[in-house]
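The values are calculated or read from the model by the stated rules, or taken from the named source; none is laboratory data. Quantities reported herein were computed from a predicted structural model and do not represent experimental measurements. Don't worry about glycine lacking a Cβ; one is built from the backbone with ideal geometry, like all the others, and counts go over all protein chains shown. Note: accessible area is taken over every heavy atom of the protein model, side chains too, but ligands, DNA and RNA are not part of it. Shrake-Rupley method; radii C 1.70, N 1.55, O 1.52, S 1.80 Å.
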Amino acid sequence: MRAVAIRRATREERPGPRRESRPRPRPAPMLVVLVTLVAHQPVAPATITVDDACSLADAITSANTDTATGGCTAGSGVDQIVLTAPVTLTEELPIVTSEVLIDGQGHAISRDDAAPAFRILAFALNGDVALHNTTVSNGIAERGGGVYSDTTNLDVVDSRIVGNQASLRGGGLFGAYGTFAITLVNTTVSGNHTDGDGGGLFAPYLSNVFIESSTISNNFAGDDGGGVSTDMYTTTTITNSTVSGNIALDKGGGLYNAYYSDVMTLTSTTVSGNQAPEGGGVYAFPYFGNTPAGHYTYLVLENSIVAGNTTGGNCRAQFQIDEGGNFDDDGSCLGASPIAAGVDFDAMLADNGGPTLTHALLPGSVAIDAAGDCGLAVDQRGFARTPPCDSGSVELGAAPVGGSVSLIEGHRATCLNLTTGSEVSFVLAPGATSWDCEANGLGVVAGDIVRQTVTGVSSGGAGGTVIGLAARRASCRNLTTGQSVAIDLSTGPSWDCVSAGLGVSRGDRVRQDSLGAVF
């Protein structure tokens, strides 16, 4: 796993009450350190491995007490808890009260459907906690169904917080007042629900939120902030990220910045498909006739796309700072240039490469090369940005030629460059759903026409996405029954064979073909 740069906040950066109505200076450039474990501890960290002999509950107790518990080794200062398999919980875990890194190694921690309602993870300490490469799902609580944070700094890296519920706030993740900074990197927060504020994430009073290379999608809030909701005096910085398909029943379908909050800054970010009666995309508490000076907040946009938010407008923010390179399609984001949603970028959230789902730009978009020298080495997916950069979270043409498939297993892929006649064929590793033609030896240059074919056994459906190609068409053939369908990809790189009319049963062999020109 590659090293991840994390913004480490300090107490001195805590925002204070607003004293004037002018915008505050933009946050200083992010300070970065390599995060493995918190480095300031003099005691060598211990690794506690969760396996058949050591339960996750006992591992947390060992880390909290620095004492061997159950079949777990004793903790020692800052500890690393490592999962070796998925963990399904039938009762609530102990609260984490010691500095710790939980490394899920790709495994999930989830509540059993038959168990009583409880949250998955709770942190309460004056210190730092990191959650790496872990899925947190199916938690239920008043606050923070997935994760409850009352800790100085919480870093969530290469992880997924999905399908959790909270009756009051923070369906996926809730930050209590003691939390100073919450950082998400390469992380997905999706499908979480709250009856109150912050369907995906609720950030507390006097805190800092840093969201980088992450996707906040399909979360629901019965009040404000379908994706993210902040409390007063909170600074929010979102970079190279996607906020998509979130719903709030009051304000801020995608993002909600409360009154008295500090600046919310979106850089190279795409906000699309969100809904709310006010501020379908972004709601930064505006000035009203009876609003005292300082209650309202500021929205800073740079090289971002806020478009296709279906109700409530793209931006509800009277005090906006335009740093250039921004686009919207209803004129509500001040300083942004209008574009046509659904023409310039793919309205479907899809696997366009990288660890998170994104909205890909389409060839010919006015957002291409609009960001100038954007100062970012990579896009949300980790693919290189080349100045002049593109606006939004995805750099067109940065991805290698390849693709991904869904609902078929045991894949074999073939990539054929029809322009040069070169061809490569290879078997995908067990569990893999995506491939890279160039990494497997296919030579391409911009404009080459490439056909990709993948064959596998259906697990109940079939679909896919092309990456690095201006897709023209796809076809799906059920090799078991002989039926086939053709699909026009002119409006986006993704397809669903079943929606296109292909009949598929579990165990059928399916072949999918796609064709397009290299970006």
Checklist entry - Mind checking which residues of segment 386-399 are of a type outside the set (D, E), without any contact (Cβ under 8 Å) to a residue 40 or more places away in the chain and buried (at least 18 other Cβ atoms within 10 Å of the Cβ)? => result A398
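Residues in segment 263-279: is at least one under 21 Å from A176 (Cα atoms) and either open to solvent by less than 20 Å² (accessible area, probe 1.4 Å) or basic (K, R) (or both)?
Step one: filter segment 263-279 for residues under 21 Å from A176 (Cα atoms), giving 263-264.
Okay, now just the ones that are also either open to solvent by less than 20 Å² (accessible area, probe 1.4 Å) or basic (K, R) (or both), so 263-264.
Within segment 263-279 (the criterion being under 21 Å from A176 (Cα atoms) and either open to solvent by less than 20 Å² (accessible area, probe 1.4 Å) or basic (K, R) (or both)), the answer is yes, since at least one residue qualifies.
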Next on the checklist: Restricting to segment 471-495, name every residue that is of a type outside the set (S, T, N, Q), modelled with pLDDT under 90 and open to solvent by 30 Å² or more (accessible area, probe 1.4 Å).
Outcome noted: R472
Next on the checklist: Where the second residue is open to solvent by less than 20 Å² (accessible area, probe 1.4 Å) and among the basic types (K, R) and the first is within 14 Å of T49 (Cα to Cα) and modelled with pLDDT of 95 or more and lies in segment 66-79, which pairs have Cβ atoms under 6 Å and are six or more apart or on separate chains?
Outcome noted: none
Checklist outcome for this item: When every residue in segment 22-45 that is among the small types (G, A, S) and either out of contact with any Asp or Glu (no Cβ under 9 Å at 6 or more places or on another chain) or surrounded by 18 or more Cβ atoms within 10 Å (Cβ to Cβ) (or both) is compared, the one modelled with the highest pLDDT is A44
Checklist outcome for this item: Residue pairs within 6 Å by beta carbon, gap of at least six or interchain, first lying in segment 166-190 and under 15 Å from T239 (Cβ atoms) and assigned to a loop (DSSP other than H, G, I, E, B), second among the hydrophobic types (A, V, I, L, M, F, W, C) and at pLDDT 95 or above, listed first then second, are T187/V156
Checklist outcome for this item: Taking segment 118-163 and keeping only residues that are within 16 Å of the chain's Cα centre (by Cα), hydroxyl-bearing (S, T, Y) and under 17 Å from A57 (Cβ atoms), one is left with T134
Checklist outcome for this item: Taking segment 496-511 and keeping residues open to solvent by 50 Å² or more (accessible area, probe 1.4 Å) and farther than 11 Å from G461 by Cβ leaves R509, R511
Item to check | Residues that are open to solvent by less than 10 Å² (accessible area, probe 1.4 Å) and of a type in the set (S, T, N, Q), drawn from segment 187-204 | outcome: T187, N192, T194
Checklist entry - Does D346 satisfy the condition of being at pLDDT below 90, open to solvent by less than 60 Å² (accessible area, probe 1.4 Å) and in contact with a His (Cβ under 6 Å, 6 or more places away or on another chain)? => result yes
Next on the checklist: When you scan segment 139-153, do you find a residue that is small (G, A, S), free of Cβ contacts under 8 Å to residues at least 60 places away in the same chain and open to solvent by 10 Å² or more (accessible area, probe 1.4 Å), even just one?
Outcome noted: yes
Checklist entry - Given the conditions (1) touching an Asp or Glu at 6+ places or on another chain (Cβ under 9 Å); (2) assigned to a strand (DSSP E or B), which single one is not true for Y148? => result (1)
Next on the checklist: For segment 113-132, give me the residue count where each residue is touching a strand residue (DSSP E or B) at 6+ places or on another chain (Cβ under 6 Å) and open to solvent by less than 50 Å² (accessible area, probe 1.4 Å).
Outcome noted: 13
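Name the residues in segment 429-451 that are surrounded by 11 or more Cβ atoms within 10 Å (Cβ to Cβ), in contact (Cβ under 8 Å) with a residue 24 or more places away in the chain and aliphatic (A, V, I, L, M), would you? Spell out how you get there, then give the answer.
First pass over segment 429-451, keeping only residues surrounded by 11 or more Cβ atoms within 10 Å (Cβ to Cβ): 432-444, 448-451.
Imposing the further condition that a residue be in contact (Cβ under 8 Å) with a residue 24 or more places away in the chain reduces the set to 433-440, 442-444, 448-451.
If the condition is that a residue be surrounded by 11 or more Cβ atoms within 10 Å (Cβ to Cβ), in contact (Cβ under 8 Å) with a residue 24 or more places away in the chain and aliphatic (A, V, I, L, M), then A439, L442, V444, I449, V450 are the ones that fit.
State whether one or more residues within segment 174-189 are within 21 Å of G280 (Cα to Cα) and at pLDDT 95 or above. Show your work before the answer.
Applying the first criterion (within 21 Å of G280 (Cα to Cα)) to segment 174-189 yields 188-189.
The next check asks that each one be at pLDDT 95 or above; those that pass are 188-189.
Yes, the conditions are met somewhere in segment 174-189.
Of the residues G468, G456, which is more than 18 Å from A347 (Cα to Cα) and out of contact with any helix residue (DSSP H, G or I) (no Cβ under 9 Å at 6 or more places or on another chain)? Before you say what the answer is, go through the steps one by one.
Numbers: G468 fails: more than 18 Å from A347 (Cα to Cα).
That would be G456, the only listed residue that is more than 18 Å from A347 (Cα to Cα) and out of contact with any helix residue (DSSP H, G or I) (no Cβ under 9 Å at 6 or more places or on another chain).
Mind telling me which of the residues S159, S217 ends up being closer than 24 Å to A124 by Cβ, in contact with a Leu (Cβ under 7 Å, 6 or more places away or on another chain), of a type in the set (S, T, Y) and open to solvent by less than 10 Å² (accessible area, probe 1.4 Å)? Explain how you work it out, then say what you get.
Details: S217 fails: closer than 24 Å to A124 by Cβ.
So the residue among S159, S217 that is closer than 24 Å to A124 by Cβ, in contact with a Leu (Cβ under 7 Å, 6 or more places away or on another chain), of a type in the set (S, T, Y) and open to solvent by less than 10 Å² (accessible area, probe 1.4 Å) is S159.
Filter segment 404-421 for residues that are closer than 24 Å to L349 by Cα and either open to solvent by less than 70 Å² (accessible area, probe 1.4 Å) or hydrophobic (A, V, I, L, M, F, W, C) (or both) and give the result.
If we filter segment 404-421 for residues that are closer than 24 Å to L349 by Cα, which is where we start, we get 404-409, 411, 413.
Across segment 404-421, the qualifying residues are S404, V405, S406, L407, I408, H411, A413.
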Item to check | Selection status of T239, of a type in the set (S, T, Y), closer than 21 Å to V306 by Cα, buried (at least 22 other Cβ atoms within 10 Å of the Cβ) and without any contact (Cβ under 8 Å) to a residue 40 or more places away in the chain | outcome: no
Checklist outcome for this item: Note on segment 356-385: residues surrounded by 24 or more Cβ atoms within 10 Å (Cβ to Cβ) and either of a type in the set (S, T, Y) or in a strand (DSSP E or B) (or both) are T356, T358, L361
Checklist entry - In segment 403-442, what residues are at pLDDT 95 or above and of a type in the set (G, A, S)? => result A413, G421, S422, S425, G441
Checklist entry - Under the condition of being hydroxyl-bearing (S, T, Y) and under 16 Å from D155 (Cα atoms), which residue from segment 55-103 is most open to solvent (accessible area, probe 1.4 Å)? => result T97
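Test S514 against the criterion of being open to solvent by 20 Å² or more (accessible area, probe 1.4 Å), small (G, A, S) and under 20 Å from M348 (Cα atoms), and give yes or no. It would help to see each step written out before you state the result.
Details: open to solvent by 20 Å² or more (accessible area, probe 1.4 Å): no; small (G, A, S): yes; under 20 Å from M348 (Cα atoms): yes.
No.
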